2 protein chains.
Amino acid sequence: METIGQIIRNKRENLGLLLRQVSAYADIDQAILSKIERNERKPNRELIIKLAEILKFDKDELLAQYMSDKIAYDIADEDCADRVLKLAEKKIKYLKTHSINS
Amino acid sequence: METIGQIIRNKRENLGLLLRQVSAYADIDQAILSKIERNERKPNRELIIKLAEILKFDKDELLAQYMSDKIAYDIADEDCADRVLKLAEKKIKYLKTHSINS
DNA sequence: ATCCGTCTTGACAATGTGTGTCAAATATGA
DNA sequence: TCATATTTGACACACATTGTCAAGACGGAT
């Protein structure tokens, strides 16, 4: 199973782009991007969106990968991870049906 | 649907305990506990465990409530929340079957 | 109304976490 | 060896979380 970093690196290399080029476009130091691709640092939402643009990802799909990575990282070591996900699903459904505002 | 704060407050009041008593046991300022019960601040994992002890919750169940709250809060405003959860589930399953260490 | 115990509120300090910057070190290939 | 690309580590800075404290609000009892 690919990590977010691997997904990004594979796509970048397939497109023949350099760290320097992508990081310049995303307006970050290339050291940061290097670390992100090796999962030494975690990207943030804003960066994911920029990377989706330059690397021609579907934005929502890359965001979903990013968010799910974060969640999996948070709860992977809980013995009750399954229960947590089920509860979260219920809560989200509840929030969506009951919230008036955004 | 009850929030973590409401769950804690209800249980505390049913047990007839004061903020002062519970917060002393958990070794935090009672102002913090007051805010947590009104969802003005978020508890952390360590506190959840202490609260489960003194308030006689099942520890794993309270932790599950706590984690799912956090997740729901993180991704409730994503349009692709369902996809995120499904991906997270897959990633967690993968991590559990493939990790040797804890 | 006053007193007393409980809870709430807001301002602030301390601490922790994430993020950005930089330069030196390490590949990799011509 | 030289040039280019990537990696690594140290550091500073900004932002978020957490803890501390005292004053204020509330409710019940007298």
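Just one of the listed residues (A:D60, A:D69, A:D79) is within 13 Å of chain B (Cβ to nearest Cβ), closer than 30 Å to B:M1 by Cα, more than 16 Å from DNA strand C (Cβ to nearest atom) and in contact with a Lys or Arg (Cβ under 9 Å, 6 or more places away or on another chain), namely A:D60. Meeting the requirement of 3 or more residues that are within 10 Å of the chain's Cα centre (by Cα) and either within 15 Å of DNA strand D (Cβ to nearest atom) or among the β-branched types (V, I, T) (or both), the helices (runs of 4 or more DSSP H) wholly within the stretch B:1-63 are B:4-14, B:45-54. Could we say that B:D74 is under 22 Å from A:D79 (Cβ atoms), within 16 Å of DNA strand D (Cβ to nearest atom), acidic (D, E) and open to solvent by less than 70 Å² (accessible area, probe 1.4 Å) here? Yes.
Residue-wise test of (1) at pLDDT 95 or above; (2) aliphatic (A, V, I, L, M); (3) open to solvent by 80 Å² or more (accessible area, probe 1.4 Å).
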site: B:E2; (1), (2), (3): no, no, yes
site: B:N10; (1), (2), (3): yes, no, no
site: B:S34; (1), (2), (3): yes, no, no
site: B:R45; (1), (2), (3): no, no, yes
site: B:F57; (1), (2), (3): yes, no, no
site: B:C80; (1), (2), (3): no, no, no
site: B:K90; (1), (2), (3): no, no, yes
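Restricting the first member to the stretch A:36-59 and to residues that are free of Cβ contacts under 8 Å to residues at least 24 places away in the same chain, and the second to residues that are in a loop (DSSP other than H, G, I, E, B) and not aromatic (F, W, Y), the beta-carbon pairs closer than 9 Å and six or more apart or on different chains are A:L47/A:I28; A:A52/A:D58. Only residues that are closer than 19 Å to B:K59 by Cβ and within 8 Å of DNA strand C (Cβ to nearest atom) were counted across the stretch B:34-48, and they come to 1.
The values are calculated or read from the model by the stated rules, or taken from the named source; none is laboratory data. The structure displayed is predicted, hence computed values, not measured ones. When we count neighbours, we look across all protein chains shown, and the Cβ atoms used for this are built from the backbone with ideal geometry, even at glycine. Heads up: the accessible areas ignore ligands, DNA and RNA and are worked out on the full protein's heavy atoms, side chains in. Shrake-Rupley method; radii C 1.70, N 1.55, O 1.52, S 1.80 Å.
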